[in-house]
């Protein structure tokens, strides 16, 4: 089995069990300093929810935040809009949603591999 096929199979198992999967994207050798660690949840796209990305935070913290956001989407059908402030996600801080197209530095590759968009 090719590595991407194995990855997608394991990710599908998590999505089937939980409803989404958080994927950590590491910088590559060609972009070791410019590419952020980018945790992204997958699994919500088929129901027309956007992919959620967090860049620039410690991966464990970003994973926790993304799991919280994904649960809000999955369990409560929450919708997030550009500029929306979310209280209660990060203790003592409001989180601001920024929407936009993917870039070379912020690219949801696992979602693209899974859903083909």
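Restricting the first member to the stretch 90-112 and to residues that are modelled with pLDDT of 85 or more, and the second to residues that are assigned to a loop (DSSP other than H, G, I, E, B) and surrounded by 10 or more Cβ atoms within 10 Å (Cβ to Cβ), the beta-carbon pairs closer than 6 Å and six or more apart or on different chains are 97/80; 97/84. Taken together, the residues in the stretch 1-54 that are within 16 Å of residue 115 (Cβ to Cβ), in a loop (DSSP other than H, G, I, E, B) and at pLDDT below 75 amount to 5. On the stretch given as the stretch 62-78, residues that are within 13 Å of residue 95 (Cβ to Cβ) and free of Cβ contacts under 8 Å to residues at least 24 places away in the same chain total 4.
Based on this model, can you work out whether residue 92 counts as surrounded by fewer than 16 Cβ atoms within 10 Å (Cβ to Cβ), closer than 25 Å to residue 12 by Cβ and more than 14 Å from the chain's Cα centre (by Cα)? No: the conditions fail for residue 92. Checked against (1) modelled with pLDDT of 85 or more; (2) under 14 Å from the mean Cα position of the chain (by Cα); (3) assigned to a loop (DSSP other than H, G, I, E, B), residue 68 meets all criteria but (3).
The values are calculated or read from the model by the stated rules, or taken from the named source; none is laboratory data. These numbers were taken from a predicted model, which means no experiment stands behind them. FYI the Cβ positions are ideal-geometry reconstructions off the backbone, even for glycines, and counts take in every protein chain you see.
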